[in-house]
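One structure below.
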Amino acid sequence: MSRVLVTCSAIAALCTPALSTPASAAGFPAPPDKIVIEIATVNGSGCPAGTAAVAVSPDNTAFTVTYSQYLAQVGVGAKPTDFRKNCQLNLIVHVPQGFTYAIAQADYRGFGHLEAGATGQQKASYYFQGQSQTTTNIHPHKGPFHDSWQATDTTDIAAQVWAPCGERRNFNINTELTVSAGTSDPKKTTSFLAMDSTDGAINTVYRLSWKECPRK
């Protein structure tokens, strides 16, 4: 897949207002220069080509991923494989010299309808290319449910997975939505979880922590 270079100005409507004194989610100052994120690859049944976009906030403390076709469902109208949808974002993050970063918080939003007896879950994991350390979070949902949903992953500073200083490592974000009919009747009902909205503009926001690399 060809690489897509995305800067804040490219999707200005998704960017948050600049702060007068930038600070990261963990309280460390953000670097003065902007970061730029390249989408190296986007793979998965929940994010077909052209349905996921990335934008960086002006203060360098967050980036936003927008999905437009991320839906898991079971029951009437669903295919057998629709119960699970996933998306792997492989990102190249260009960081100002002398800084490194980690994901401190991730906010996910969507809409769901689960019949009584049906269940679902949203799962996310984060890791850098070549590193064994992975952070994984799972958020369950239980029917009956018909509403917007939000899930937040927060990682303590000591447990955060940091990009290696002085090296460019691709950052991987794996997300997954699953739905199970459980004791509901899939021949008469439909249950689903979506990481999108009616206009296809639900955002997933990742907040960054920053720290300075040791000087050589």
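Laboratory data are not the source of any read-out in this text; all were calculated from the coordinates shown. Treat the numbers as computed from the prediction; the structure is a model and nothing was measured. Using ideal geometry, Cβ is built from the backbone for each residue, glycine included, and neighbour counts are taken over all protein chains shown.
Computed values, structure above
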item: Rough spin-label spacing in nm, given labels placed 7 Å along Cα→Cβ, for residue 152 and residue 125; result: 2.5
item: Alpha-carbon spread of the range 36-212, three principal axes, descending order, Å; result: 58, 32, 28
item: Candidate lysines for bridging to residue 34, where Cα separation is under 20 Å - those fewer than 8 sequence places away on the same chain excluded; result: 211
item: Calculated FRET value between residue 212 and residue 41, using beta carbons and R₀ = 35 Å, to 0.05; result: 0.70
